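The values are calculated or read from the model by the stated rules, or taken from the named source; none is laboratory data. Everything numeric here is computed off the predicted structure, so don't read it as measured data. Please note that ligands, DNA and RNA were not included when accessible areas were found on the heavy atoms of the full protein model with its side chains. Shrake-Rupley method; radii C 1.70, N 1.55, O 1.52, S 1.80 Å.
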Amino acid sequence: MISLRLLGALALLIYGMRMMSDALQKMAGPQLRHILGRMTTNRLTGMLTGTLVTCAVQSSSATTVMTVSFVSAGLLTLAQAISVIMGANIGTTLTAWIMSLGYSVDLTNVVYPAFLVGMILIYKHRHRFVGDFLFGVAFMFLSLVMLSTSGKEMDLEHNEAVVGFFASFDTNSYWTILAFLGIGTIITCIVQSSAAVMAITILLCSTGVLPIYLGIALVMGENIGTTATANLAALGANTQARRAALAHLVFNVVGVIWVLCVFYPFVDMVCRIVGYDTTMAGQTARLPVVLAMFHTCFNVINTGILIWFIPQLERLVCWILPEKPQPELEQFRLQYIQANLVQTPEISVMQAQKETIQFGQRLGRMFEMVCHLLDEHNDKAFEELFRQIEHQEALTDRTELEIASFLEKVSNNHLSDETKLKVRQMMRLVGEMESIGDACFNLARILNRRQWSGKDFSCEQYTQLYAMTALAADALQQMNTVVGGRNSENNADATYRIEEQINTLRAQLKDDNILMANERQFDYAVGTMFVDFINECEKLGDYVVNVVEARLGK
């Protein structure tokens, strides 16, 4: 029963910390994005930001996964993410101090009032996230009380088998230290919570059965094992996100390597700071503080050293994970939306916004292909370019479906009114963007008819078509400016002006086409293709206006 209570307390600890972290991310979702975006202007502010955010959410894994999500969404650069991750390692040391406090202070005086206030706030819907946070705090403190009580009831210090087992290890051997380091790494990777493993380590050390050197070896392993969460989350993400997760692993591994080189002097120094004498018995009450102090000293000193080598660390992870060469025909892959990365709805909306910017740029490149196709007369080159445009049209269809499906899932969450409006606008926006892709493909099909008919436009018609495609290209460029800009800085005036010019030119060219047809300057088939082309360009201009209006909420 004591073992079951111990496991239950660990489960409650993990759940409480997860509940705290989720509640804080929901309360500060939009603000966290602005904080991480604005407070990471240099390596020092980035480190400070990571420290503060981790202290708030009480989980370095949550901060790291969030940072990886921001890198995936293009909200942070790799260098900024590395500095935030370094700060997260410092922030997570607060958890160890809270746990050490739980073994010397009766936390039950905090637990029950937190449950009461939290329940009241949860029933008041407006403050339910604050209530969730208080429940998480209460669960965490309650689990620490349960762990402390279970540890005392287990009476391990008088269990000869357990004491003999740990006493059989030679604490002066580096092989023993490496073995416990590996054990700490593996257990943390399995349970996906360094806090739980830290709690077990503190429990074993506080009872006096686990020597401090072996306990610290476990703590070092926890630092490596905790990187597994972000690396697993980034497996299906883009290259930059995987690099950010890998940087976390490299950072902690480098720290462990240099500490191993000075292991015994470093541990002795930490013990002297706390006032613990490794040669004397009966000081078990100080061991949780020794572990917390080591965790803090290790992460602070490691960050203090490696923060000056962020560019070199960035180059190292880029060398380990290089960009894959693009195939001849681009494969479908959303760049910013990664379904396996955990994030708040607000962050998901930001990812979708980034993806719509990429969508607009893809449409711009697709129209450039159409313009090149207009001047291409070599059959083989024409066929290859037409095939690429056809492939791009299929990609635009997939992009619309994937973004819309992603937004549909986001809309199932509890969203603010502002976020709901953004989701509706983007659903409308991607639909209009897909219509632009259809228009580009229709233009390519018209040119395909010209290519295989054996007939061609006249020089005057080409001049007129160039004028029309130039206006359409300007419209797409203006659309991408609006889609990628801020609402406060955008307006639709330039788009309306270009659309009016397209309509005027279309009317003029249709009239000119009738006159040239009457004068027998070209046959009926060429005239039909000419009119179809300028009509499709005019439709494209209409779709551009619809996209701009959707982006601006009109």
Task: Members of LYS354/LYS409; LYS380/LYS455; LYS409/LYS554; LYS380/LYS539 lying beyond 19 Å, as alpha-carbon distances in this model show - done: LYS409/LYS554; LYS380/LYS539
- [ ] First compute the accessible area of segment 158-251 with a 1.4 Å probe, then give the percent of it belonging to carbon and sulfur atoms.
- [x] 70 percent
- [ ] State the volume of the convex hull built on the alpha-carbon positions of segment 422-466, expressed per residue in Å³ and rounded to an integer.
- [x] 60 Å³
- [ ] Whole number in Å², please: accessible area per residue of segment 162-275, 1.4 Å probe, ligands, DNA and RNA not counted.
- [x] 35 Å²
Task: Accessible carbon and sulfur surface of segment 348-405 relative to its total accessible area, %, 1.4 Å - done: 48 percent
- [ ] Compute the projected area of the convex hull of the Cα atoms of segment 379-525, averaged over all viewing directions, and report it in nm² to one decimal place.
- [x] 11.1 nm²
- [ ] Taking only protein heavy atoms into account and a 1.4 Å probe, give the accessible area per residue of segment 402-552 in Å².
- [x] 49 Å²
